[in-house]
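The values are calculated or read from the model by the stated rules, or taken from the named source; none is laboratory data. Everything numeric here is computed off the predicted structure, so don't read it as measured data. Note that each Cβ is placed from the backbone with ideal geometry, even for glycine, and that neighbours are counted across all protein chains shown. Just so you know, the surface numbers come from the protein's heavy atoms only, side chains and all, with ligands and any DNA or RNA stripped out. Shrake-Rupley method; radii C 1.70, N 1.55, O 1.52, S 1.80 Å.
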Amino acid sequence: MISEKASKQFIEKHNLDSEYLNKAVDHFVPMIHSLISGKKENEPMIIGVNGCQGSGKSTLSDFIATYIEDVTEYSTVVFSLDDFYHTKKSREHLSKGIHPLFSTRGVPGTHDTTLLKYVVNQLKYQQPVYIPQFNKALDDVKPKHEWLKINKPVDFIIIEGWCLGVPAQSEQELIEP
């Protein structure tokens, strides 16, 4: 069970009441134990948390990480698909060459999936990596010196995002709006 110290820090960090933890223990802890027991030795497990905006993806992802690190010897890293938006300049370029919607972050196609794959592979193969950070107030990627540096092996890679696992539409499907 999660320690009192970890519980208190989690509740304070997310400004939640204790009822959240009661529900988390009932609903999420069995799933987390299933994930832990399914983890292969010497290979990080990738966990994707999908949901619409405001549904609690970030909170759940942090709870999973907090729980795993509190009750096991495993290490975790949590990041958001939102941190992999293309730069504002790059999205403007895409909006002129492909479609005007690309100037607005959020729609599929505005994420730097090449960078995301690189980061996940670096983590998977236990190599040092910087995870980008996106500033929504400025609608742009933060400078690299502000990115999260991971230079130790991780056992669980937790990625949260609103369109994780959603397959791309075919070119044919996109012809008619």
Inset, instruction - Give the Cα extents of the stretch 25-71 along the principal axes, in whole Å, largest first. - result: 34, 21, 15
Legend entry - Size of electric dipole in the stretch 1-79: Cβ of Lys, Arg +1 and of Asp, Glu -1, about Cα centre, debye, nearest 20: 180
Inset, instruction - Tell me which residues come under 5 Å, amide H to amide H, from Glu160 once H is placed; ignore anything under 5 positions away on its chain. - result: Val49, Phe79, Ser80, Leu81
Legend entry - Charge dipole (debye, nearest 20) of the chain; +1 at Cβ of Lys and Arg, -1 at Cβ of Asp and Glu: 540
Inset, instruction - Please list, in chain and number order, the residues 5+ apart from Ile131 or on another chain whose amide H is under 5 Å from its amide H, with Hs placed from the backbone. - result: Leu148, Lys149, Ile150
Inset, instruction - With both partners inside the chain, how many of the DSSP beta bridges are antiparallel, as a percent to the nearest 5? - result: 35
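At a 1.4 Å probe radius, carbon and sulfur cover how many percent of the accessible area of the stretch 55-97?
48
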Inset, instruction - Taking 7 Å along the Cα-to-C-beta vector as the label spot, tell me the Glu176-Thr72 distance in nanometres, rounded to one decimal. - result: 4.9
Inset, instruction - Among Leu116, Ser37, Thr59, pick out the residue whose Cα is farthest towards the positive end of the charge dipole of the stretch 1-125, where Lys and Arg carry +1 and Asp and Glu carry -1 on C-beta, about the Cα centre. - result: Leu116
Legend entry - Contact order relative to length of the chain, as percent, for alpha carbon pairs under 8 angstrom and 6 or more apart: 29
Inset, instruction - Report, by chain and number, residues whose modeled amide H sits under 5 Å from the one on Val141, excluding near sequence neighbours (fewer than 5 apart, same chain). - result: Lys88, Asn135
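Any idea of the accessible area per residue across the chain, 1.4 Å probe, to the nearest Å²?
Averaged over the residues of the chain, the accessible area is 63 Å².
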Inset, instruction - Report ³J(HN,Hα) in whole Hz for each residue of the stretch 87-94, in order, from the Karplus equation J = 6.51 cos²θ - 1.76 cosθ + 1.60 where θ = phi - 60°; Gly and Pro get x. - result: 4, 4, 4, 5, 5, 4, 4, 4
